Structure formats: C-alpha cells, structure tokens
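Working notes, beginning with the structure itself.
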Amino acid sequence: MEVAKSKVKGTRHVFENKILERLTRTHIAVPLTIFSLYTIGLLYWSVDNQFLNIWQTIGVFTLGTLSFTFIEYLIHRYLFHLPPTTELKAKIAYGIHGIHHDYPKDKGRLAMPPLLSIVMATGLLFLFEILMGTMSFAFTAGFILGYAGYLFVHYIIHAFRVPKNPFKILWIHHGIHHHKSPDKAFGVSSPLWDYVFRTMP
C-alpha cells in the first residue's frame, strides 16, 4: 500500500459555510475540561447514591476505561480507515479522518468539537444505563476518561516533539501509522489491541 505524504502544516475547510466550519474546530482544553467534569460528576453521583461500593466503583470504572481503548481501536481501524470502495465511502473516510492524515499538525482538529462532545457523552450514558443499570455511572465515567486520555495523548503526539522517556513508544507507534503503515498501529492511547489483533507494525 502506497503511503501518501502528509502536508504536515496548514489546514483544509470541511464546510464552505463559516459557522459550520467553525463548529468542526476546537481547542484541546475545551473537550478535556468537559470530559473531566463529566467524569467527576458521574463518579460523585454513583458514590453519593451508593449504587456501588468503592471497590466495585473502581472495578467498573477501570472496565469502562479499558473498554474505551477497545472501541478506540475498532473505530480507528474500521470506520476512520473505511475502504474507499465507493465514492461515498471515500468522502466519508476523508471527511472524518483523511483530513487529519493530510494535515496532522492542524491543532484545531485534534479533538471533537464541544457540542458534539456533550451530545456524545450524554448519549453514551443513556445507552450504558439501558445495558447496565446503576453500574452505568461508574462505567461511563471510566469510558469518558478513557476518551479524554486518548484526546490528550493524540494531541501531545502531534503538537510536541518526541520525549526522552518511556512515553516515546506512543509517538513512534502513531508516527508509524501516519507516515509508514496506515494499515497498522491503530491504537493511539495504547498499543494493546494492536498486539491482540496482530496489527503491530
């Protein structure tokens, strides 16, 4: 598979309408703040209403975070890299992720916009509540914190130089995905599922 060279710097408009275009961009601090507050609120609600004891809360919260890393892998592999077998699929894949591969240093598009973030977090809570009942508060808190962790890791990988510490592996892993093997290394916050599903480069 031939790897297209990224443009590295610059940006590209998704919408011609200025308002819609503005809604596709955000500063990384905005969703991180939203998700952190959401997580704290969910954990407080769960503990305050005594849905779970402290150990159950920690266990379900951890399961939620781990579940996010799995979903992150699946979405990145199968949705963001949707095979462009039709013109529609090609447009969808490029619109939601291809732009990022062309302009990986565009900091305004390294996170989901605030309005979409709030809708997504609330939708997940309702979904998990249907599936898990009162465990959903701790699970959703872990899931959302997993997403916030992903956003943070993804942002610093693209915004800062490779560090000289153990976190260097995340920069290398994601760099291989962007610049060498776009059909490998789909895990961003963790390479765990790349090992499990044999997509390690």
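Quick notes on this one:
- Pairing residues of the stretch 44-56 that are surrounded by 10 or more Cβ atoms within 10 Å (Cβ to Cβ) with residues that are among the β-branched types (Val, Ile, Thr) and not in a loop (DSSP other than H, G, I, E, B), at Cβ distances under 8 Å and at least 6 apart in sequence or on separate chains, gives 46/57; 46/134; 47/54; 47/57; 49/134; 51/134; 52/60; 52/134.
- In the set 118, 156, 99, only one residue is surrounded by 15 or more Cβ atoms within 10 Å (Cβ to Cβ), assigned to a helix (DSSP H, G or I) and either of a type in the set (Gly, Ala, Ser) or modelled with pLDDT of 80 or more (or both); that residue is 156.
- Some residue of the stretch 23-36 being in contact with a Lys or Arg (Cβ under 9 Å, 6 or more places away or on another chain), modelled with pLDDT under 70 and under 23 Å from residue 173 (Cβ atoms): no
- Test for residue 128: is it in a helix (DSSP H, G or I), of a type in the set (Phe, Trp, Tyr) and more than 19 Å from the chain's Cα centre (by Cα): no
- Criterion violated by residue 136 - all others in (1) outside any loop (DSSP other than H, G, I, E, B); (2) surrounded by fewer than 19 Cβ atoms within 10 Å (Cβ to Cβ); (3) without any contact (Cβ under 8 Å) to a residue 24 or more places away in the chain satisfied: (2)
The values are calculated or read from the model by the stated rules, or taken from the named source; none is laboratory data. Just so it is clear, the model here is predicted, and its values are computed rather than measured. Note: ideal-geometry Cβ built from the backbone for every residue, glycine included; neighbour counts use all protein chains shown.
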